[in-house]
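Taking it in order: structure first as structure tokens, then the write-up.
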């Protein structure tokens, strides 16, 4: 069964507070932005934080 995605919230991948609290706003999808919203020198830490967040996300 497919769910209609009406709202998508783009979150900087290097901001743990926004990743943790993103669900409070009720979006249908959380998207970790690892490209435009993340500084070049923080990309590695953003990749690690994003992958760890996905592992601990309850669907």
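The values are calculated or read from the model by the stated rules, or taken from the named source; none is laboratory data. It should be emphasised that the depicted structure is a prediction, and the values quoted were computed from it without experimental measurement. Heads up, the Cβs are rebuilt from the backbone with ideal geometry, glycines too, and the neighbour counts pull from every protein chain shown.
So in region 37-48, with the set limited to residues that are at pLDDT below 90 and within 12 Å of the chain's Cα centre (by Cα), which one is surrounded by the fewest Cβ atoms within 10 Å (Cβ to Cβ)?
Of everything passing the filter in region 37-48, 37 is surrounded by the fewest Cβ atoms within 10 Å (Cβ to Cβ).
Within region 42-59, can one find any residue that is in a loop (DSSP other than H, G, I, E, B) and in contact with a strand residue (DSSP E or B) (Cβ under 7 Å, 6 or more places away or on another chain)?
From region 42-59, those in a loop (DSSP other than H, G, I, E, B) are 56-59; that's our starting set.
Checking which are in contact with a strand residue (DSSP E or B) (Cβ under 7 Å, 6 or more places away or on another chain) leaves us with none.
Checking region 42-59: not a single residue is in a loop (DSSP other than H, G, I, E, B) and in contact with a strand residue (DSSP E or B) (Cβ under 7 Å, 6 or more places away or on another chain).
Please go through region 12-33 and give me each residue that is in contact (Cβ under 8 Å) with a residue 24 or more places away in the chain and either in contact with a strand residue (DSSP E or B) (Cβ under 8 Å, 6 or more places away or on another chain) or surrounded by fewer than 11 Cβ atoms within 10 Å (Cβ to Cβ) (or both), ordered by number.
12, 13, 19, 28, 29
Could you tell me whether residue 9 is free of Cβ contacts under 8 Å to residues at least 12 places away in the same chain and either surrounded by 10 or more Cβ atoms within 10 Å (Cβ to Cβ) or part of a loop (DSSP other than H, G, I, E, B) (or both)?
It is false that residue 9 is free of Cβ contacts under 8 Å to residues at least 12 places away in the same chain and either surrounded by 10 or more Cβ atoms within 10 Å (Cβ to Cβ) or part of a loop (DSSP other than H, G, I, E, B) (or both).
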